[in-house]
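No lab work stands behind these numbers, since they all come straight from the coordinates. These figures come from a predicted structure and were not determined experimentally. Cβ atoms come from the backbone with ideal geometry, glycine included; neighbour counts cover every protein chain shown.
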Amino acid sequence: MPFLTTTQLRSPSQVFVQRAKWLLIVLAALPFLRLAVGAPLGWLGVNPIEFITRSTGTWTIVSLVVTLSITPLRRLLNWPWLVRLRRTTGLITFFYAFLHFMTWLWLDRFFDWTDMVKDIVKRPFITVGFAAFLLLIPLALTSNNASIKRLGARAWQRLHWSVYAIAVLAVFHFIWLARRNPNEPYIYAAIFALLLGARVYWKFSKNK
């Protein structure tokens, strides 16, 4: 399943789909607004950097779950218009991943490149998290019709299949990092396994 899509739909109307996209964007912006407003007002607790790190990380993986859930939901509910939302949810995922990365780069490491390299090499959860972010970059950059035409639909789809590798890396990043609720990352792991399993099942069933 590609990370993003340009599938053209005949129904429901373009107006409905556009409103659904804007609703997604507004809802996705709420956690960011909470951080942006709460930081200067002291609403983020005694350790605001940790709060921001956890919040942006959580919303990255939640957005990734939503993105990967669109195709199964489309098939199960017979709502073809859902496909038109996958590009939006994919970009929301990248947005929060970028904020998560910048929190570490700026607020945690203060752009200390030497310290960053040591972190990436010596700390496994940083290593897999950084790898997941790097894999997200080409998906975000090719999230447009021009890239599909330039790469070709088949090559573009193969590139966007890397979203499942990103999901695996994100889960390991979360497992190694989780302290307060060590069971939470395993819930996401189970969801990703279910979504990938459904995709594989449908693929092989179609080829029979």
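As a rough footprinting exposure proxy, the listed residues V168, V117, V65, V128 were ranked by other beta carbons within 10 Å of their own, and the order from fewest upward is V117, V168, V65, V128. For F130, the shell of other residues with beta-carbons less than 14 Å away shows a net charge of +1, using +1 for Lys and Arg and -1 for Asp and Glu.
Classify the stretch 20-138 from the C-alpha gyration tensor, please: rounded if a/c falls under 1.5, else prolate or oblate depending on whether a/b exceeds b/c.
On the way: a/c = 2.92, a/b = 1.54, b/c = 1.90.
Oblate.
Rounded, prolate or oblate, given the Cα gyration tensor of the stretch 99-208, with a/c below 1.5 counting as rounded? Cα axes put the stretch 99-208 in the oblate bin.
Can you compute the charge dipole magnitude of the chain about its Cα centre, using +1 on each Lys and Arg Cβ and -1 on each Asp and Glu Cβ, nothing else charged? Give it in debye, rounded to the nearest 20. Dipole about the Cα centre, nearest 20: 1120 debye.
Projecting the Cα atoms of V66, A28, A198 onto the charge dipole of the chain (Cβ charges, centred on the Cα centre) puts A198 farthest toward the positive pole. Fewest-first ordering of F174, F16 by other beta carbons within 10 Å of each residue's beta carbon gives F16, F174. Within the chain, helices built from complete DSSP H runs that reach 18 Å or longer along their own axis (Cα positions) and carry a mean Kyte-Doolittle hydropathy of 1.0 or higher are 14-41, 124-141, 163-177.
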